[in-house]
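Have a look at the structure below, then the notes.
The values are calculated or read from the model by the stated rules, or taken from the named source; none is laboratory data. All values derive from a computational prediction rather than experimental measurement. FYI the Cβ positions are ideal-geometry reconstructions off the backbone, even for glycines, and counts take in every protein chain you see.
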Amino acid sequence: MDKTMTRSYTRWEWRTILLLMLGYALYYFVRKNLSVAIPAMEAQLGLTKVQLGIFLTIHGIIYGLSRFVNGIIVDRTSQKKIMALGLLLSALVNLLICFSPKLDGLLHLLDTEGKATLTLTYLIGSLWVLNGYLQGMGVPPCISLLAHWIKPSELATKQSIWNASHSLGAGLVVVICGFLLRHFGYEAWHLCFLVPALIALLGVPVIFLGIKDSPTELGFPPVEEMDKAGRGQEAGSGRGKVHLSGSQYKRVVRKMVYANPYLWILALTNFCIYVMRGTVLDWGSSFLTQFKGLEIAKAASVIGICELVGGILGMLVAGWATDKVFGGKGHRTCFIATVLAVLCFLGFWKSSSTGLSLALLVGTSFFIYGPQALLGMCVSQQVTRYATGTGNGIMGVFGYASTAISGILFGRIADVSGWDTVFLYTIIFGLAAAVIIALMWKAPADAYDKVEKLIAQEGTQE
């Protein structure tokens, strides 16, 4: 490309990254708001940790399955349309949860003391499960768009920048909901659904109108071709292909996804990492108030700091280290970060100093968000952009199947045995993640050379 086209491409690349950050941060506004509302819903509606844990678990499982289904869809259709539609519908579901008690006259949702009946419990739970599917329409388009717009040699750093949207969204919604509960009291729990939903609706037209599905729509070559040309290498027979034929696509998915051992190592690691992440993010406000003795507003602020400071910095440092220190091998960064996350969480658990324990919890987020950000990038590199939606869909299934552990099981354990037992199991899962990801220490940074040969072989057979 000439200099003018290169500058134009760079502007569009960063425009895409920033709009995807905004869009996915808003997805978190209408997903992680429940975590802050949990103590208030327990107090006002009489819901138990087991019931709320069931909501989190089924929501997470459906979310993971939705990421798989929508991952397959986005590999073959418009990514931006799916992302915009999912955000719109998710915001509407949150509005329904907000106003659900207003239907008490029709459905007998509250008892004489104002507590939730089973009908209201099932209604809120069903809406949250539906929200789980709609939330699964967010990540696959983002991951696919990033793989189409960012050169493989720069993917770790720039996808880590996008991954900051997780912490921005989760951190901001925690702070907003904590502010609402502090100023209006637990009886205003419904505002934790109303306000984030209204904000999220503003992002729908931005996603739909501001993003292009791939550089080729604007006349740019595919990113692999630009990357190889930039390194002074000759473009291969497969690397410059924009679209695959039906048989080529099936062969790539079969070989690069389902028969790829690295994908399954990454998926199992993702399961264990998400157990740790779910413990901190979903139960953080609860165990900080009940185990460390913080009041709810301060607990929400600490979790917000974990997301906005620990999470964002952790992602950016991990992405930089992957590209600049480990030559794009994100799995190595993941191993080191996971070990350090376990050590920080152990320190948080055992420390008797409130200040030190809170600092170590922020440190846990700093290190846990490295793998959280990079494992998806590793999958994109190992399955290539042709199947990144499908590969990351499988990651989603494993990642959010973990809510069966961090959601309902840990909720039950907290009720019966206390938070000490929850923390012990969380550390065990963190150690398991480190052992599993260590198995691919010697794996290459990406598989584009391998997929090029597959496409060439398939082309000679047509």
Item to check | Those residues of region 287-314 which are modelled with pLDDT of 85 or more and either in contact with a Pro (Cβ under 8 Å, 6 or more places away or on another chain) or aromatic (Phe, Trp, Tyr) (or both), in sequence order | outcome: 287, 289, 291
Checklist entry - Has region 118-135 got at least one residue that is at pLDDT 85 or above, closer than 30 Å to residue 216 by Cβ and crowded, with 19+ Cβ neighbours inside 10 Å? => result yes
Next on the checklist: So, in region 205-214, exactly how many residues are part of a helix (DSSP H, G or I) and surrounded by 20 or more Cβ atoms within 10 Å (Cβ to Cβ)?
Outcome noted: 1
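Kindly evaluate residue 154 against the criterion of being of a type in the set (Asp, Glu) and either more than 30 Å from residue 445 (Cα to Cα) or without any contact (Cβ under 8 Å) to a residue 60 or more places away in the chain (or both). Walk me through it before giving the result.
Details: of a type in the set (Asp, Glu): yes; either more than 30 Å from residue 445 (Cα to Cα) or without any contact (Cβ under 8 Å) to a residue 60 or more places away in the chain (or both): no.
Criteria not met by residue 154.
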Checklist outcome for this item: Of (1) in contact with a Ser or Thr (Cβ under 9 Å, 6 or more places away or on another chain); (2) assigned to a helix (DSSP H, G or I), residue 263 fails just (1)
Item to check | Flag if residue 295 is within 26 Å of residue 436 (Cα to Cα) and acidic (Asp, Glu) | outcome: no
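Please report, ordered by residue number, the helices (runs of 4 or more DSSP H) entirely within region 89-156 with at least 2 residues that are among the hydrophobic types (A, V, I, L, M, F, W, C) and under 30 Å from residue 386 (Cα atoms).
Fully inside region 89-156 and qualifying: 118-135, 139-149.
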Item to check | In region 169-203, the residues that are assigned to a helix (DSSP H, G or I) and farther than 23 Å from residue 308 by Cα | outcome: 184, 186, 187, 188
Item to check | Close pairs (7 angstrom Cβ cut-off, 6 or more residues apart or separate chains): under 13 Å from residue 101 (Cβ atoms) in region 185-199, of a type in the set (S, T, N, Q) and surrounded by 22 or more Cβ atoms within 10 Å (Cβ to Cβ) anywhere | outcome: 193/33; 193/94
Checklist outcome for this item: In the set 353, 365, 380, 357, the lone residue that is out of contact with any helix residue (DSSP H, G or I) (no Cβ under 6 Å at 6 or more places or on another chain) and polar (S, T, N, Q) is 353
Next on the checklist: Just checking, does region 115-125 include any residue being within 19 Å of residue 412 (Cα to Cα), touching a residue at least 12 places away in the same chain (Cβ under 8 Å) and under 25 Å from the mean Cα position of the chain (by Cα)?
Outcome noted: yes
Checklist entry - Restricting region 17-65 to residues that are closer than 30 Å to residue 210 by Cα and assigned to a loop (DSSP other than H, G, I, E, B), which is modelled with the lowest pLDDT? => result 32
Item to check | Filter result for residue 321 (surrounded by 21 or more Cβ atoms within 10 Å (Cβ to Cβ) and either of a type in the set (A, V, I, L, M) or outside any helix (DSSP H, G or I) (or both)) | outcome: no
Checklist outcome for this item: Note on region 351-385: residues touching a Phe, Trp or Tyr at 6+ places or on another chain (Cβ under 7 Å) and either part of a helix (DSSP H, G or I) or modelled with pLDDT of 85 or more (or both) are 357, 360, 361, 364, 382
Item to check | Unique match (being buried (at least 22 other Cβ atoms within 10 Å of the Cβ), touching a residue at least 60 places away in the same chain (Cβ under 8 Å), within 30 Å of residue 252 (Cα to Cα) and small (Gly, Ala, Ser)) among 90, 66, 78 | outcome: 66
